[in-house]
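Accompanying notes for the structure given below.
The values are calculated or read from the model by the stated rules, or taken from the named source; none is laboratory data. The shown structure was predicted, so the numbers you read here are calculated from the model rather than taken from an experiment. Don't worry about glycine lacking a Cβ; one is built from the backbone with ideal geometry, like all the others, and counts go over all protein chains shown. These accessible areas exclude ligands, DNA and RNA; they are computed on the full protein's heavy atoms, side chains included. Shrake-Rupley method; radii C 1.70, N 1.55, O 1.52, S 1.80 Å.
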Amino acid sequence: MMSRSYTNLLDLASGNFPAMIREKKRLPRVMTVPGVISELDDDQANSVSSDVPSSIIQDRIIIVANQLPVKAKRRPDNKGWSFSWDEDSLLLQLKNGLPEDMEVLYVGSLMVDIDINEQDDVSQLLLDRFKCVPAFLPPDILTKFYHGFCKQHLWPLFHYMLPYSVNHGGRFDRSLWEAYVAANNIFSQRVIEVINPEDDYVWIHDYHLMVLPTFLRRRFNRLRMGFFLHSPFPSSEIYRTLPVREEILKALLNSDLIGFHTFDYARHFLSCCSRMLGLEYQSKRGYIGLEYYGRTVGIKIMPVGIHMGQIESVMKHADNEWRVEELKRQFEGKMVLLGVDDMDIFKGVNLKLLAMEQMLKQHPKWQGRAVLVQIANPARGRGKDLEEIQAEIEASCKRINENFGTPGYEPVVFIDRPVSLSERAAYYAIAECVVVAAVRDGMNLTPYEYIVCRQGVSDSDSNQEMSQPKKSMLVVSEFIGCSPSLSGAIRVNPWNIEATAEAMNEAISMADPEKQMRHEKHYRYVSTHDVAYWAKSFFQDMERTCKDHFRRRCWGIGLSFGFRVVALDPNFRKLSIDAIVSAYSRSKNRAILLDYDGTIVPQTSINKPPSRAVISTINMLCTDIKNSVFMVSGRGRESLSNWFSPCKKLGIAAEHGFFMRWSAEDDWEVCGQSNDLGWIQIAEPVMQLYTETTDGSSIEKKESAIVWHHRDADPSFGSCQAKEMLDHLESVLANEPVAVKSGQFIVEVKPQGVSKGMVAEKIFTSMAERGRQADFVLCIGDDRSDEDMFEIIGSAMSSGILSSNTMVFACTVGQKPSKAKYYLDDTSEVMNMLEALADASDPEPSPDYGSPSSP
C-alpha cells in the first residue's frame with residue numbers, strides 16, 4: 001500500500017496540490033498564446049505552447065530566486081510596509097549585464113513575514129514600484145523547506161557532509177522533501193501568473209529551486225529557461241547518497257542551460273548524469289552539451305564576479321577615508337591579515353585561527369607585530385553543529401590572545417557583528433593579506449572585493465599615495481570556487497594547519513615587487529570579469545541554446561519528476577499505419593529492410609530467438625511476389641539463418657552486411673572489400689589487454705569483426721579505456737583494410753566498406769537492374785548502424801537507383817534524433833505495423849523474385 005506522504009508527493013509533483021497550500025488572488029497577467037485563456041487552473045498539467053510567434057517583440061527576463069532583491073521594513077506607525085532595493089543583492093547587480101532594453105521581473109520570497117490580509121496589497125505595491133512578484137510561503141512549509149530540506153539536507157550534502165548519524169547532519173526526512181516540492185510549486189505559480197511563455201526568458205538561481213524547472217516545463221514546453229547553481233556540486237559518490245537524487249537531476253535537465261562556477265562542479269554534475277541517467281556529454285566548438293530526448297541541455301562554466309561600480313562608489317565616499325585613517329592609527333606598526341567569512345561550519349574560521357596560532361609559534365618574529373582581524377557575518381542557518389563551531393572559535397580566540405597577547409597587542413581581533421560594505425572596504429584597504437580557509441565554498445567573492453579595494457580609485461584629485469604601485473596578497477583554500485581564477489594567490493589545503501601557517505608567513509614576508517606583480521595580474525582579471533560580464537555571458541549562451549525552440553516540435557511525456565520534453569525536427573513524425581498500408585497496397589515493387597535487435601524484438605544482450613508471431617508475419621510478407629524482404633542485422637549469420645529457417649524467401653544480411661544471401665536457397669556472399677581477416681590476430685591481443693585491466697568488459701568475436709563491450713564497466717573508466725583503445729587500435733591497424741569505430745559502450749573493428757548502408761544500396765541496385773525498380777521502400781531500425789541505411793536512401797534517389805516517385809518510409813524505433821523521417825515508439829508498434837502490411841499482402845504462390853539469380 002502506498003504511504004500517504006508519498007501520495008502527497010505525487011500530488012505535488014503532478015500539479016494536484018493539497019489543502020495546506022492556500023489559494024492566492026492572482027496578479028493580472030496578459031498572455032500572448034493564441035487560444036489560451038489568461039487564467040490557468042492549478043490542476044491543469046497540459047503544456048501551453050504555440051507554433052505562432054508572439055506579437056510582442058521586446059524580450060523580458062524573469063529572474064527567480066529564493067529571496068527578492070528588496071529590503072522590507074515595518075512602518076513606524078505599524079500601518080503597512082516600506083521597501084527599498086537591496087544594493088548588495090547579486091540579482092539586482094546582474095541587470096548591468098543584460099541588454100539595456102530588456103525588462104527585468106523578479107520572483108522570490110521576502111525575508112519578513114507578511115500577514116495574509118496584507119499580502120495582496122504588498123504584491124501590487126512590489127509589482128508596480130519594483131517589478132517584483134513575491135512568493136508567500138505558509139510558515140509550516142517555509143520552516144521545512146528552508147531550515148529543513150535546504151539547510152539540513154542539500155546545503156550539508158553539497159558541501160560534502162554526509163549524515164553518518166542522527167547527531168551529525170540528520171537522517172533524510174521525506175516530509176521535508178515534500179515541503180521543498182510544495183515551495184517550488186508556489187514559486188512556479190507566481191511565475192505562471194506573470195509570464196508570457198513565448199517571449200520571456202526565465203533565469204532560476206541556486207539550490208533552493210532545483211525542481212522548479214519541471215513545474216514550469218510541464219506548463220510551457222518551449223519556455224526559454226536557464227538555471228545557475230551558486231553552491232558547489234558534489235562528486236557523484238557524495239551526491240548519489242541523496243534519496244531523491246534522480247528527481248533533482250531530471251528536474252534540472254528540464255532547463256535549457258545549467259550554469260556552474262567551476263569546471264569541477266560541472267564535471268561532477270556530468271558524472272552524475274552519466275552514472276545515474278546514462279547520459280554522455282559532448283563538447284563542440286567550446287560548448288558543452290547533454291543530449292536529452294532530442295533537446296541539447298547546455299552546460300555553462302563561468303564564475304560570478306563583483307559589482308565594480310558599487311565598490312568604487314563606496315571607496316569614493318567621504319566616510320571611507322576617515323575610516324581608513326582611523327584603522328591605520330589603530331593598527332599602526334602592525335601587519336594586518338584579514339578574514340571575512342559567514343559564521344558557517346564550512347568557512348574554516350577555526351582552522352584559520354589554528355594556522356595563525358601555528359605561525360606565531362613557528363615564527364616568533366611576528367609576535368607583537370602580526371594581527372588577524374576576523375570579521376564573522378551572522379549565521380544564516382542554525383543547529384547543533386553551528387553552536388559547537390562557534391564555541392570552538394571563541395575558545396581559540398581566547399587561548400591565542402592569552403598566550404601571545406601583551407598590553408596593547410591582541411594577535412586576534414574577532415568582530416562578531418554585521419559589517420557593512422563601506423566598513424569592510426576600510427579593513428581591505430589596510431590589510432596586507434586576506435586569508436580564506438573555507439573547507440568548501442561555492443564561490444566566495446571576498447578576495448575579489450579585497451583586490452579592488454587595494455587598487456583604490458584614481459581621479460584627478462588623487463594624492464601622491466594613490467599613484468604609488470598597488471600591492472595585495474591572498475592565501476586561499478583550494479576548495480573554493482574563486483581559487484582557479486586567482487593564479488597569483490597562495491593556494492592551501494586548510495586542513496593542513498602547518499602548511500597554511502607557512503603560506504600566511506610567506507604572504508606577509510614576500511617582497512613588495514612580487515606582491516605588486518601578483519596584484520596587477522589579479523586586478524586585470526577581476527576588473528574585466530565582473531558581475532555584468534558574467535550575466536552577459538550567461539544570457540548570450542541561453543539565447544544560443546534556445547534559438548531552435550520554436551522551430552522544433554515539442555511535447556511532454558512522463559509522470560511526476562520523470563516528466564521531460566521531447567524535441568524533434570518538425571519533419572519527423574510518427575508513422576501512420578493507415579498511410580503506409582495505403583502506399584503499400586498501391587505499389588508494385590517493394591523493398592522491405594528490417595533490423596533485428598531493438599526493432600523486431602526488444603533490445604537484449606543475449607540471444608533471443610523471434611517468436612512464432614514474428615516468424616508468421618515475416619513469412620507472409622516474403623510470400624508476396626511484389627516484396628523483397630531483408631533482415632539486416634549485426635548478428636552472426638548462423639544465428640539468423642537458424643532462427644529464420646522457416647522463412648525460405650527471406651533475404652539476410654549478417655554482421656552488418658559482410659555476409660549476405662538473397663534467400664534460403666542461395667549461398668552466402670562475402671561483401672567486404674577483402675576476405676583477409678588476418679588483422680584479427682593483431683586486434684584481439686590489444687582488446688585482451690584492455691579487458692584484463694577493465695573490470696566488467698568483454699570481447700565478442702564474430703566471423704568478420706571483433707567487438708569490445710564495456711556496458712558493465714565503470715562508466716567513466718570504461719569510456720576512458722574505450723577512447724584509449726580506439727587510438728591504440730587505429731595506430732596498430734593503420735595499414736590494414738579495416739574500420740575502427742566506437743559506439744554505445746562498444747569499440748568495434750570490422751572490414752572496410754561494410755555497413756548496412758552498402759546492403760541497402762546493393763538491394764536497390766539489384767532490383768533496378770532486374771527491371772523492378774522499387775516504388776515502395778520500408779527501412780526500419782533503432783540504432784546508429786541503421787542510420788547508414790536511412791542516409792543511403794537519399795543518395796540512391798539522387799543517383800537514379802530509386803525513382804523520385806518512390807514512396808519511402810525510413811523509420812526509427814523510439815522518439816530520438818534520426819536521419820529517418822518517421823518513428824514508432826517500440827517493437828510492439830513495429831510488429832503491429834508489419835502485421836497490417838502482411839494482412840494487405842497477396843500471399844499467392846509465385847516465382848521467387850527475391851534472388852537476383854531467380855528466373
Label-point separation, Glu321 to Asp712 (7 Å along Cα→Cβ), nm:
7.7
With θ set to phi - 60°, apply the Karplus curve 6.51 cos²θ - 1.76 cosθ + 1.60 along segment 709-715 and write out the HN-Hα couplings as whole Hz, x wherever there is a Gly or Pro.
9, 9, 4, 8, 7, 4, x
May I ask you to derive the FRET efficiency for Tyr160 and Gln362 from their Cβ-Cβ distance with R0 = 22 Å, giving the value to the nearest 0.05?
0.15
Modelling each spin label as a point 7 Å along the Cα-to-Cβ direction, I'd like the Asp842/Lys819 distance in nm, to one decimal.
3.4
Listed residue pairs exceeding 18 Å between alpha carbons, taken from Lys701/Lys750; Lys361/Lys398; Lys702/Lys819; Lys347/Lys521; Lys300/Lys536:
Lys702/Lys819; Lys347/Lys521
Karplus-derived 3J(HN,Hα) from phi for segment 92-97 (6.51 cos²θ - 1.76 cosθ + 1.60, θ = phi - 60°), whole Hz, x at Gly and Pro, runs 6, 5, 5, 4, 5, x
At 0.36 nm per residue, and after removing the present C-alpha to C-alpha distance, how many nm does the segment from Gln752 to Tyr409 gain when stretched out fully?
115.4 nm
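Once Rh for segment 735-779 is found with the Kirkwood sum over Cα pairs, what is the Stokes-Einstein diffusion coefficient at 4 °C and 1.567 mPa s, in µm²/s?
Numbers: Rh = 12.8 Å.
Value of D from the Cα-based Kirkwood radius: 101 µm²/s.
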In the chain, what % of DSSP beta bridges are antiparallel (nearest 5)?
35
Would you mind checking which residues have amide H under 5 Å from Ser109's amide H? H placed 1.01 Å from N; only 5 or more apart, or other chain.
Gln67, Leu68, Ala135
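What does the extension gain come out to for Lys284 and Arg524, with contour length at 0.36 nm per residue minus their alpha carbon separation? Don't skip to the end; give the middle numbers.
Values: separation 240, 0.36 × 240 = 86.40 nm, distance 2.89 nm.
Taking 0.36 nm per residue and subtracting the Cα distance, the gain is 83.5 nm.
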Equivalent-ellipsoid semi-axes of segment 753-813, from the Cα gyration tensor, Å, largest first:
19, 13, 9
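I'd like to check one number: the per residue accessible area of segment 590-664, probe 1.4 Å, reported in Å² as a whole number.
Numbers: 2460 Å² over 75 residues.
For segment 590-664, the per-residue accessible area is 33 Å².
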Which part of segment 737-755 falls in the paramagnetic zone of Glu730, meaning amide N under 11 Å from the point 7 Å along Cα-to-beta-carbon?
740-742
Helix axis angle, 784-799 relative to the chain longest principal axis, alpha carbon, degrees:
60
Taking only the alpha-carbon positions of segment 340-459 and ignoring solvent, what does the Debye formula give for the base-10 log of I(q)/I(0) at q = 0.16 Å⁻¹?
-0.82
Quickly work out the Ile682-to-Glu478 label distance, labels modelled 7 Å from Cα along the C-beta direction, and quote it in nm with one decimal.
4.3
Multiply the residue gap between Glu665 and Ser742 by 0.36 nm, knock off their C-alpha separation, and tell me the result in nm, one decimal place.
24.2 nm
Would you mind computing Rg(Cα) / (2.2 N^0.38 Å) for segment 390-514, counting N as its residues?
1.17
Two-site FRET efficiency, Leu386 against Asp120, from Cβ-Cβ distance with R₀ of 45 Å, rounded to 0.05
0.75
Percent of all alpha-carbon pairs of segment 235-366 at distances over 23 Å, whole number, is 61
As a test of the definition: which semi-axes, in Å, follow for segment 93-239 when you take the square root of five times each eigenvalue of its alpha carbon gyration tensor? Largest first, please.
29, 20, 14
Considering only protein heavy atoms, what per residue accessible area in square angstrom results for segment 105-264 with a 1.4 angstrom probe?
29
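Please report, in whole Å³, the volume per residue of the convex hull around the C-alpha atoms of the chain.
Values: hull volume 187.6 nm³, N = 855.
So the per-residue Cα hull volume is 219 Å³.
Roughly how large, in nm² to one decimal, is the mean projection of the convex hull of the alpha-carbon atoms in segment 565-616?
Answer in nm², one decimal: 6.3.
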In 5 Å bins starting at 0, how do the alpha-carbon pair distances of segment 582-678 split up by percent?
3, 12, 23, 25, 17, 12, 6, 2, 1, 0
Could you list, in their original order, any pairs among Lys73/Lys151; Lys284/Lys574; Lys71/Lys131; Lys741/Lys821; Lys334/Lys470 whose Cα atoms are separated by more than 22 Å?
Lys73/Lys151; Lys284/Lys574; Lys741/Lys821
So the angle from the long Cα axis of helix 512-528 to the longest Cα principal axis of the chain, reported in degrees to the nearest 10, equals 50
Based on the Cβ-Cβ distance of Ser645 and Arg586, what FRET efficiency does E = 1/(1 + (r/R0)^6) give at R0 = 35 Å, to the nearest 0.05?
0.60
Compute the helix-to-body angle for 827-839: its Cα long axis versus the longest principal axis of the chain, expressed 0 to 90° and rounded to tens.
20
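Could you look at the chain and say what percent of its accessible area is carbon and sulfur, using a 1.4 Å probe and all protein chains?
Values: 17880 of 37100 Å².
With neighbouring chains kept in place, the figure for the chain is 48 percent.
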Accessible area expressed per residue, segment 720-761, with surrounding protein chains retained (probe 1.4 Å, Å²)
47
Out of residues 5 or more away from Ile415 or on other chains, whose amide H comes under 5 Å of its own, with H placed 1.01 Å from N in the peptide plane?
Gln374, Ile375, Ala376
